[in-house]
Structures are given as structure tokens and as C-alpha cells.
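Comments concern the structure below.
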Amino acid sequence: MTGTIVNTCTILAGSLIGSIFKKGIREEQQNALYTAMGLAATGLGINAVVRNMPNSRYPVLFIVSLALGSLIGTSIDIDGRFQRLTEKLSAGQLGRGLSTGILLFCIGTLSILGPIQSALYGDHTYLFTNAALDFVTSMVLASTYGIGMALTAVVLFCWQGAIYAAALLLGNFMTADMMTELSVVGGFLIASSGLSILNIRDCRTMNMLPSLVIPVLFCRVMEFF
């Protein structure tokens, strides 16, 4: 669980630094940090796609997954529910920060795929990247809402720890082909998150999260043929 531990520590560190320099991080500095993280996420997503697509046995699957997953997510309105849940849970200043932080840190492609990659292959790349993104985000949030944002680190550790444990238990279920297809789709979602951070286009990546389920179901069905 090296990646998860690092991710947890970066949130704690970001919260501490942000609370110390409360109100000291100017808007232009925040924008510079988010631009850097947006570029990093976009690059990582593209790299995941380029690295895994040549090994794909089903070259069109990622298109179907993204299209079908986006339709499902939009119909359910995951992004809208996320926004409304954040507003509903934001009873106070700290409550607003905690609800926003927990949802941002936990409900994302890197935070979901990262523990799986870590458990099955010992690859912490996604989690280390997520840690860098969460460090910046927690620092900015703590500069506004205070040291209480450190509580989100506990939630993230439990969330990623549960996914890590599930991946270990279901290791035989996750085949090499399945992980390849999942990584291609996940790469596109990570890149779309980067584009959103850069304010190039709001891809509503949360509405695309069901796309991650399609390759798993498809590869599982194909095992019977």
C-alpha cells in the first residue's frame, strides 16, 4: 500500500502547509499550480493510452466504453448529483471544505485505478500522480478552510485501502486483457480530467466513470467464448 500511504501523507502535508499560509496563496499562484497539475494529468492519461492501446485485443472497445459509459453517467447525472451532494453537505465552512475535499480526492479515475494497479502489479504511478494532485488541492482547500482538511486523509486511506484489498482478493478475476482495456479507457478519463483542470473543456469526467465498468464486463463475457 505504498502508493496509498504516500497519497495520504501528501494530503496531510498539503493541509498543514495550506493552514500555515492561510490566505497567503494568491489566486495567480493557485492558477499556476493547477495549470501544472492539469498538464501532468493530461500527459499521464495520454501515456496510458499510448502504452496500452497497442496491446489491446479489442481496438474498438474503448470507443464503445466511452460512448456507452458517458450515456449512462449522463442519464444518471453523476456530475450533477456530485455538485448537489457537495452543496447539501456544506452546512458550515469546514463542512463545505471536507465534503468537497473527500469527493474530489476519492471519486476520481486515479484514486480508483491507482490502488488496483498497485495491488496487482506493484505499480504506484497513478497513486503518486494522484498524490501530487491531492497535495496541491489540499493545500489550496486548507488555505481557505483550515487544518481540519487533514481529516480527508483518513477517508482517502480507508477508501483506497478498501479498493486495494478488494483487488488482492479478486486478483484472479482481473485478467491481463481486462487490465489493458481498463487502462486504455482510464487513460482517456485521466486526460479528460487534465483538460478540465486546464479549463480547456469541461468534459464532466464524473459522468464518464461508468465507462470503466464496460471493459470489465466485456472481457468477463468474452472468457466464455
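Compute the helix-to-body angle for 93-106: its Cα long axis versus the longest principal axis of the chain, expressed 0 to 90° and rounded to tens.
Rounded to the nearest ten degrees, it is 20.
Positive end of the charge dipole of the chain (Lys, Arg +1 and Asp, Glu -1 on Cβ, about the Cα centre): tell me which of 2, 33, 61 has its Cα farthest that way.
Final value for the positive-end residue is 33.
Helix 27-52: angle to the longest alpha-carbon principal axis of the chain, degrees 0 to 90, nearest 10?
Helix 27-52 sits at roughly 10 degrees to that axis.
Measure nothing fancy, just the Cα-based angle from helix 213-222's long axis to the longest principal axis of the chain, in degrees from 0 to 90, nearest 10.
20 degrees
What is the distance, in nm, between label points placed 7 Å from the Cα along the Cα-to-Cβ direction at residue 46 and at residue 16?
Using points 7 Å along Cα→Cβ, the separation is 3.6 nm.
Which parts of segment 44-66 would a label at residue 213 reach, counting a residue when its backbone N lies under 14 Å from a point 7 Å out along Cα-to-Cβ?
Those under the cut-off are 65-66.
Mind sorting out which of (i) 17.5, 54; (ii) 17.5, 60; (iii) 16.6, 51 is the real Rg and Dmax of the Cα atoms in Å computed from the coordinates?
Computed from the coordinates, Rg and Dmax of the Cα atoms in Å corresponds to (ii).
Note down the magnitude of the dipole of the chain about its Cα centre, charges +1 on Lys and Arg C-beta and -1 on Asp and Glu C-beta and zero elsewhere, to the nearest 20 debye.
Dipole about the Cα centre, nearest 20: 340 debye.
Determine, from the Cβ-Cβ distance of residue 76 and residue 9 and an R0 of 25 Å, the FRET efficiency 1/(1 + (r/R0)^6), rounded to the nearest 0.05.
Using R0 = 25 Å, I get an efficiency of 0.15.
Values in this text are rule-based calculations from the coordinates and carry no lab data. Quick caveat, the model's predicted, so the values are computed rather than measured. We place every Cβ from the backbone using ideal geometry, glycine too, and count neighbours over all the protein chains shown.
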